[in-house]
Amino acid sequence: MNKPILSVRNLSKTYMQGKIPVHALSDVSFDVQKGEFLSIIGPSGSGKSTFLSMIGLLDKPTTGSVYIDGVEVTKAKDNEAPVIRREKIGFVFQHFNLIPTLSAFGNVDIAMRFARVPKSRRKERAIELLTQMGLRERMNHRPSELSGGEQQRVAIARSMANKPAIILADEPTGEVDTKTRDMIVELLRGLSDNGQTILVVTHDMAVSSKTDRIISMLDGMIASDVLTNKK
């Protein structure tokens, strides 16, 4: 088997509520191969979002390690973490998190601007991604002029701008109707089929049932890890 694109080893996170320790994650370990489309499910408080935050370097684990592309990213210093996030990780959020004053084009372009991609290449890449998302005719519209589904497609395009090793999607279909949900899942499915690694946190079984693999979490631990053989 090929070397995993993502490897998690003995990951734990403990918070203190006053003097009481709360174990949000407890000794979680697993590997993800390049191109996998994986969903993480579980009830509220099961550790899904905490887990995603650890992988995305938005928070630090109490113990354990995360490796992305063979690099132990949990050892990154505070000033190194933003660079790793920018170069290795794409984020897609439930609430889109687009910049309201920028057009669809501008929201994709700015992700590359922070990565110091030359202007000509930024323009080419932004047009390429928005076209891939079916938004070529909408790229000059601001978020307020776009539907929820269109905004989420802009967010997906932005997440791909710097060609990340993995895309982390936190409830990416939570703000859209079922028709748009299915369209977004198919877009993610297509990206995975083309080699993009995608991890989705979701409460929606209609989403998780379309992924290659379902990890179920409970009380900060992996309760099950099931291949669905979608590919």
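Each value in this text was obtained by applying a stated rule to the coordinates, not by laboratory testing. Everything numeric in this text was worked out from a predicted model, so none of it was measured. Positions of Cβ are generated from backbone atoms using ideal geometry, with glycine treated the same way; all protein chains shown enter the neighbour counts.
Some points to look at:
- Estimated D of the chain in µm² per second, where Rh is the Kirkwood radius over Cα pairs and Stokes-Einstein applies at 4 °C, 1.567 mPa s: 72
- Exposure proxy shown here: for M139, M16, M183, the number of other Cβ atoms within 10 Å sets the order, fewest to most, as M16, M183, M139.
- Remark: the range 55-72, residue by residue, has Karplus-estimated 3J(HN,Hα) of 5, x, 6, 8, 8, 10, x, 6, 9, x, 9, 10, 10, 10, 6, x, 9, 6 Hz, where x stands for each Gly or Pro and the curve is 6.51 cos²θ - 1.76 cosθ + 1.60 at θ = phi - 60°.
- With respect to the chain, whose longest principal axis is taken over its alpha-carbon atoms, helix 104-114 is tilted by about 60°.
- Net charge in the neighbourhood of N10 (other residues with Cβ under 15 Å of its Cβ; Lys, Arg +1, Asp, Glu -1) is +1.
- For T62, the amide hydrogen comes within under 5 Å of the amide hydrogens of S12, K13, T14, counting only partners 5 or more places away or on other chains and with H modelled in the peptide plane.
- log₁₀ of I(q)/I(0) at q = 0.20 Å⁻¹ - the range 102-231, Debye sum with one point per alpha carbon: -1.16
- Computed from the C-beta positions of S147 and L58 and an R0 of 35 Å, the FRET efficiency is 0.80 to the nearest 0.05.
- When you restrict to C-alpha pairs under 8 Å that are six or more residues apart and normalise by the size of the chain, the relative contact order lands at 29 percent.
- Within a Gaussian network of the chain (alpha carbon springs, distance under 10 Å), most fluctuating of F93, F51, F30: F30
- Members of K119/K163; K60/K119; K3/K75; K48/K210; K60/K88; K13/K77 lying beyond 23 Å, as alpha-carbon distances in this model show: K60/K119
- Rounded to whole Hz, the Karplus (6.51, -1.76, 1.60) HN-Hα couplings of the range 89-99, x for glycine and proline: 10, x, 10, 10, 10, 4, 9, 6, 6, 7, 7
- Other residues within the sphere of radius under 15 Å centred on the Cβ of G64, judged by their own Cβ, net out at 0 (K and R +1, D and E -1).
- GNM flexibility winner over the chain from K19, K75, K60 (Cα, springs under 10 Å): K19
- Signed unit charges on C-beta, dipole axis of the chain, positive-most listed residue Q94, S26, G220: Q94
- Computed helical MRE - 222 nm, the chain, DSSP H runs ≥ 4 contributing -39500 (n - 2.57), nearest 500: -9500 deg cm²/dmol
- Cα long-axis angle, helix 178-193 against the chain (0 to 90 degrees, to the nearest 10): 80
- For the chain, modelled as a GNM whose springs connect Cα atoms under 10 angstrom apart, the maximal fluctuation among R116, R181, R138 occurs at R116.
- Contact order for the range 47-99, expressed relative to its length and based on alpha carbon pairs under 8 Å spaced 6+ residues apart, stands at 24 percent.
- Between helix 119-132 and the chain there is an angle of about 80 degrees, using the helix long axis and the longest principal axis of the Cα atoms.
- Taking amide H atoms as placed 1.01 Å from N in the peptide plane, the amide H of I167 lies under 5 Å from those of G90, T197, I198, L199, each 5 or more residues away in sequence or on another chain.
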